[in-house]
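Visitor: Here you go, one structure.
The values are calculated or read from the model by the stated rules, or taken from the named source; none is laboratory data. Owing to the predicted nature of the structure, the values given are computational and were not obtained by experimental measurement. In this analysis, Cβ positions are derived from the backbone assuming ideal geometry, glycine residues included, and neighbour counts consider all displayed protein chains.
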Amino acid sequence: METTTLPRSSRRVLEIISTRGEMSHKDLMEKTRYSSHTVRNALKILKDQQLIIKKLNSRDLRQIIYLDRSVRDDGSLDNDRWRPG
């Protein structure tokens, strides 16, 4: 699915994760000013489309963080994946 066919909330969440890096659900709520429900739905759509990765925060294993799938563990971009524009 191209990013232009994503709901507006999902595009905004992806844009923020892509530019700011790893973000928690709470961080995304603060940056987007969307409700918890809206952010949760946007994250589900992005995860289902394999545009983001969900992982545990290594500093606080109770917290889940989300990151852009195109960013590798070493911080470099995965050039094999189309980047939204």
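Visitor: Filter the range 23-67 for residues that are out of contact with any helix residue (DSSP H, G or I) (no Cβ under 9 Å at 6 or more places or on another chain) and part of a strand (DSSP E or B); which is surrounded by the most Cβ atoms within 10 Å (Cβ to Cβ)?
Guide: Selected residue: Ser24.
Visitor: Let me ask something else. Report whether or not Thr3 is of a type outside the set (Phe, Trp, Tyr), modelled with pLDDT of 95 or more and surrounded by 13 or more Cβ atoms within 10 Å (Cβ to Cβ).
Guide: Taking the combined requirement at face value, the residue does not satisfy it.
Visitor: Please determine, by comparing only the residues of the range 9-22 that are out of contact with any Leu (no Cβ under 7 Å at 6 or more places or on another chain) and over 15 Å from Lys44 (Cβ atoms), which one is surrounded by the fewest Cβ atoms within 10 Å (Cβ to Cβ).
Guide: For the range 9-22, the residue satisfying everything is Thr19.
Visitor: Take Ser70 and tell me if it is touching a Leu at 6+ places or on another chain (Cβ under 6 Å), modelled with pLDDT of 95 or more and buried (at least 16 other Cβ atoms within 10 Å of the Cβ).
Guide: no
Visitor: Sticking with this structure for a sec: Output the residue which, of all residues in the range 53-66 that are closer than 17 Å to Arg20 by Cα and in contact (Cβ under 8 Å) with a residue 24 or more places away in the chain, is farthest from the chain's Cα centre (by Cα).
Guide: Among residues in the range 53-66 that are closer than 17 Å to Arg20 by Cα and in contact (Cβ under 8 Å) with a residue 24 or more places away in the chain, the one farthest from the chain's Cα centre (by Cα) is Asn57.
Visitor: Moving on to the next point. Looking at the range 1-52, which of its residues are within 18 Å of Ile65 (Cβ to Cβ), among the β-branched types (Val, Ile, Thr) and touching a residue at least 12 places away in the same chain (Cβ under 8 Å)?
Guide: Val13, Ile16, Ile17, Thr32, Val39, Ile45, Ile52
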